[in-house]
Structure formats: C-alpha cells, structure tokens
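Structure, as structure tokens:
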Amino acid sequence: MSASTSGELAGKVAIVTGAGSGIGFAIAQLFAEHGAAVAINYLSSGKDADELAQKIERDGGNAVALQADVSSKPAVESLVASVVDRFGKLDVLVNNAGIEQSQPLLEIDEENWDRTIAVDLKGPFLCLQAAGRQMRRGDGGSIINISSIHEDFPFPGFTPYAAAKGGLRMLMRNASLELAPYKIRVNNIAPGAIATPINAATLANPAKVERLQQIVPLQRMGKPEEVAQVALFLASERSSYVTGSTYYVDGGIVQHAEAL
Ligand code: NAP
C-alpha cells in the first residue's frame, strides 16, 4: 500500500504518537486530509485510533492504528518497522505522546518522576532515534516534537513535566544539528493551553477557564486543530529551510511569562 498522490503531504508517510486523542488525533486527521499515509500510534485509546484509521481509509486515504508504549525501546522499534513494512518508508515523525501529573516539588514520588520522564523525554528520544535511522536511509525527513510552553517557562506543581519538556527542547536543538547532514529537520511546537483530555480538570472548572481567558492575550484556550496547522507546515516542504526552532502556539500567553 502506498501514500496518496494528491495533497500537500502527498507521497509522505507519517507516524503520530499518542494520536488516539487530543492534539495527536487532530494532527493525524489533518495529515491524512493532506495526502499523507498515517500511522496512528496509541497506548490505551485503541477504539478511537481504529475508528480514525477506518474513517481515513473510507475517505480514500491510507492509515493504520498501531499500539506502542513510546517509553519502550522494543515497542518503538517494532512500531517504526511495522510502518516501513506497510508503507515502504518514513518521512515524518510527530512526537506527540505525553503525560503530566501534578505534585508539589517536595512531595513528588519516584514513580511520577520516572514515568513522566520516560514518556515525555525518553519516548521522544527513542522514537527520534528509530525514525532518524530510517530517514537517514531515504531522502531525509521532518521530526516534530510537541513540547509545551513549559519547555522554557516554569510550571510549579509539574516539575517532572517541565523538566521533560525542557529536555525535549535540548534534544531537538542537538538533533537538528546532528541530523542536518541527512536532510532530517527537527523542530518543536510549544502549545499553550489547548482544550484536550489532558486539561480535563481545568475544563471542568469554570473559574480556571475564566482565569485562562483573562491571562491569554487571545482570550481563549486553543483548539487541537490550531496546533495541527503548524505541524502541517513543519511536515511539508513549505518549511524546507526550517530546523532547530520552537514554534509557540499559545495565544500569546508566554508574553506574560506567568505561571498558570
Ligand atoms: P491527551 O489527549 O491526553 O493526549 C496525550 C496522548 O499521549 C494520549 O493519546 C495518550 O495515549 C498518549 N500517551 C500517553 N502515554 C503514552 C505512551 N506511553 N505511549 C504512547 N502514547 C502515550 O492530551 P494532549 O493535550 O493532546 O497532549 C498531546 C501532547 O501535547 C502532549 O505531549 C502534551 O504534553 C502536549 N501539550 C498539551 C497541551 C495542552 O494544553 N493540551 C499544552 C502543551 C503541551 P492513549 O490515550 O492511547 O493512552
């Protein structure tokens, strides 16, 4: 099976991790609409990932839902191998899978620290390495990490998350230099407050939503589709001279540099 022949990503093959919900789901959907063959990775959202893959195929695209825990090296290697086996190559990786758990700094337990770093930092590294090795054999590629405004700005109560996203910033910057000779571009997208399941507690609390509306210059939370548009740009040839950068999709909130 090959990728589609029309659209901005026609002929491209993409993996989106954590694509059974939220931002990853929107990215996988948009990439498919623009002609990419898409591997929809998930951990527990198998039903939603399968339904998205089936919808893309019904609409004439190419997609597959594949389970893998991004923190497991064998699982990641098997994910990349399955995609290459099915679609023949790999052009785009979106490191989107991520978790967060709130604990005050002095109460953070080892399990929270280890799991958050494993999913949010080691996972993108494992995926980048496996995908990069594959892209090096081909015509290069584009690797996009969904980091966070907290790759740069503190997030009290979420230290493991901020440490992982800060690490993801330096992973991206190092990788952009080491992989440039192979024509592999590496960039980050740093979302602000986006309405997805990861923010379920905030979305269920009208006072918090109102507070966000007050401190976000554009006066609202973002939509997953708005993050996906920037991912489309970074995946496409329109960004052919872009590497080593972070793109904020945050409604202007970092201009306040205020902890949420
Ligand atoms: P979400 O809907 O909770 O999505 C997170 C996804 O990560 C889920 O689909 C989940 O998969 C997947 N995941 C978790 N652990 C995984 C693992 N070990 N292996 C594979 N997949 C795993 O929340 P989201 O907002 O779309 O988050 C997507 C990314 O955006 C995250 O990296 C997050 O840090 C980042 N981000 C979000 C915001 C925001 O405001 N929403 C802001 C800044 C950054 P399953 O459901 O299949 O278990």
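The values are calculated or read from the model by the stated rules, or taken from the named source; none is laboratory data. Owing to the predicted nature of the structure, the values given are computational and were not obtained by experimental measurement. Positions of Cβ are generated from backbone atoms using ideal geometry, with glycine treated the same way; all protein chains shown enter the neighbour counts. To get the accessible areas, we keep the full protein, side chains included, count just its heavy atoms, and leave off ligands, DNA and RNA. Shrake-Rupley method; radii C 1.70, N 1.55, O 1.52, S 1.80 Å.
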### Query
From the backbone phi of segment 62-75, what are the Karplus-calculated ³J(HN,Hα) couplings (6.51 cos²θ - 1.76 cosθ + 1.60, θ = phi - 60°) in whole Hz, Gly and Pro given as x?
10, 7, 9, 9, 10, 7, 6, 8, 5, 7, 9, 4, x, 5
### Query
Between segment 123-146 and segment 68-101, how many Å separate their Cα centres?
9 Å
### Task
Compare LYS183, LYS223, LYS47 in a GNM of the chain, Cα atoms joined below 10 Å, and give the one with the largest fluctuation.
LYS47
### Task
Output the relative contact order of segment 18-69, whole-number percent, from Cα pairs under 8 angstrom with separation of 6+ residues.
39 percent
### Dipole axis of the chain (+1 Lys, Arg; -1 Asp, Glu on Cβ), positive-most option in SER6, THR159, VAL249
SER6
### Task
Mind telling me which of PRO206, PRO217, PRO191 comes out most flexible in a GNM of the chain, alpha-carbon contacts under 10 Å?
PRO206
### Summary
Checking segment 191-232 for trypsin sites (Lys or Arg not before Pro) in a loop per DSSP with at most 16 other beta-carbon atoms within 10 Å yields ARG220
### Query
What's the angle, to the nearest 10 degrees (0 to 90), between helix 224-235's Cα axis and the longest principal axis of the chain?
50 degrees
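Which of the pairs LYS12/LYS223; LYS122/LYS208; LYS47/LYS89; LYS55/LYS208 have their Cα atoms more than 28 Å apart in this structure?
On the way: LYS12/LYS223 25 Å; LYS122/LYS208 31 Å; LYS47/LYS89 26 Å; LYS55/LYS208 35 Å.
From LYS12/LYS223; LYS122/LYS208; LYS47/LYS89; LYS55/LYS208, over 28 Å: LYS122/LYS208; LYS55/LYS208.
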### Summary
With all protein chains present, the chain has a carbon and sulfur share of its accessible area (1.4 Å probe) in percent of 51 percent
### Query
Once amide H atoms are placed 1.01 Å from N in the peptide plane, what residues at a sequence separation of 5 or more from SER142, or on another chain, have their amide H within under 5 Å of its amide H?
VAL92, LEU93, ARG185
### Query
So which residue, out of ILE146, ILE198, ILE27, gets the largest mean-square fluctuation from a GNM of the chain using Cα contacts under 10 Å as springs?
ILE198
### Using alpha-carbon coordinates, inclination of helix 46-58 to the longest axis of the chain, degrees
40 degrees
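Under the rule of -39500 (n - 2.57) per DSSP H run of 4 or more residues, summed and divided by the residues of the chain, what mean residue ellipticity at 222 nm is obtained, to the nearest 500 deg cm²/dmol? Mind showing how you got there, number by number?
On the way: 9 runs with 110 residues, N = 260.
Counting only the DSSP helices, I get -13000 deg cm²/dmol.
Please calculate how many Å² of accessible area the chain carries per residue, with a 1.4 Å probe and no DNA, RNA or ligand atoms counted. Let's see the in-between values first.
Numbers: 12060 Å² over 260 residues.
For the chain, the solvent-accessible area averages 46 Å² per residue.
Note the per residue figure in Å³ for the convex hull of the C-alpha positions in segment 3-253. Could the numbers behind the result be given before it?
Working: hull volume 29.9 nm³, N = 251.
About 119 Å³ per residue, rounded to a whole number.
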## Note on the structure
For the chain, the dipole about the Cα centre with charges only on Cβ (Lys and Arg +1, Asp and Glu -1), to the nearest 20 debye, works out at 620 debye
### Query
Assuming a viscosity of 0.890 mPa s and a temperature of 25 °C, what translational diffusion coefficient in µm² per second does Stokes-Einstein assign to segment 187-260, Rh being the Kirkwood radius over Cα pairs?
184 µm²/s
### Task
Work out the length of the dipole vector of segment 130-229 about its Cα centre, built from +1 on the beta-carbon of each Lys and Arg and -1 on the beta-carbon of each Asp and Glu, and round it to the nearest 20 debye.
240 debye
### Debye log10 I(q)/I(0) at q = 0.10, 0.12, 0.14, 0.23 Å⁻¹ for segment 45-136, Cα point scatterers
-0.34, -0.47, -0.61, -1.18
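For the ranges 102-115, 232-245, 147-160, what's the packing order if you count other beta-carbon atoms within 10 Å of each residue, average per peptide, and put the highest first? Can you show the working numbers first?
Numbers: 102-115: 12.0, 232-245: 16.4, 147-160: 20.8.
Ranking the peptides 102-115, 232-245, 147-160 by packing returns 147-160, 232-245, 102-115.
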